[in-house]
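**Q** Quick one: the structure is below, questions incoming.
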């Protein structure tokens, strides 16, 4: 029973569960946003929502693939512009990257090496 308790309370499992729940909720938001964009496109074009499901040039049904591809591209754009870019900006603002340079421990070792060279010792 202890092993099962350790498995359930493992940090990665809880993080994964939270990620799945958040992803599912976010998928509903993105689906609604995609529907809104498609309705805007239909108003602009004066027709119905773009649906390529019946598109079959040369009797090869590629319409569902095109519909899925367009939905994927809209999803990727929403995630990039509304999640990745703001996250990156916030991360850079609140947690700036450390200045590049020699880490303190390496600098100390280099200083010791230089002192040994100056004393005439072998390195």
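The values are calculated or read from the model by the stated rules, or taken from the named source; none is laboratory data. Small disclaimer: the values here were computed from a predicted structure and weren't measured. Here Cβ is always computed from backbone atoms with ideal geometry, including for glycine, and neighbour counts include all displayed protein chains.
**Q** With the condition kept exactly as written, say whether any residue in the range 62-78 is at pLDDT 85 or above, assigned to a helix (DSSP H, G or I) and either touching a helix residue (DSSP H, G or I) at 6+ places or on another chain (Cβ under 6 Å) or on the phi > 0 side of the Ramachandran plot (or both).
**A** no
**Q** Listed residues 23, 3, 58; which is assigned to a helix (DSSP H, G or I) and on the phi > 0 side of the Ramachandran plot? Show your work before the answer.
**A** Working: 23 fails: on the phi > 0 side of the Ramachandran plot; 3 fails: on the phi > 0 side of the Ramachandran plot.
When all the criteria are applied, what remains is 58.
**Q** Looking at 75, 38, which is the one that is surrounded by 12 or more Cβ atoms within 10 Å (Cβ to Cβ) and in contact (Cβ under 8 Å) with a residue 40 or more places away in the chain? Before you say what the answer is, go through the steps one by one.
**A** Working: 38 fails: in contact (Cβ under 8 Å) with a residue 40 or more places away in the chain.
Going through 75, 38 in turn, just one is surrounded by 12 or more Cβ atoms within 10 Å (Cβ to Cβ) and in contact (Cβ under 8 Å) with a residue 40 or more places away in the chain: 75.
**Q** Another question, if that's okay. When you check residue 44 against the structure, is it outside any loop (DSSP other than H, G, I, E, B) and surrounded by fewer than 10 Cβ atoms within 10 Å (Cβ to Cβ), yes or no?
**A** On the way: outside any loop (DSSP other than H, G, I, E, B): yes; surrounded by fewer than 10 Cβ atoms within 10 Å (Cβ to Cβ): yes.
So residue 44 passes the test.
**Q** A further question on this structure: Give the range 50-60 a look and list any residue that's surrounded by 10 or more Cβ atoms within 10 Å (Cβ to Cβ) and either without any contact (Cβ under 8 Å) to a residue 12 or more places away in the chain or out of contact with any helix residue (DSSP H, G or I) (no Cβ under 7 Å at 6 or more places or on another chain) (or both), or say none.
**A** 55, 56
**Q** A further question follows. In the range 93-123, how many are assigned to a helix (DSSP H, G or I), loosely packed, with under 10 Cβ neighbours inside 10 Å and under 41 Å from the mean Cα position of the chain (by Cα)? Give the steps one after another, and end with the answer.
**A** Step one: of the range 93-123, the residues assigned to a helix (DSSP H, G or I) are 93-94, 104-119.
Adding the requirement that they be loosely packed, with under 10 Cβ neighbours inside 10 Å leaves 93-94, 104-105, 118-119.
Of the ones still in play, those that are also under 41 Å from the mean Cα position of the chain (by Cα) are 93-94, 104-105.
Residues that pass the stated criteria total 4.
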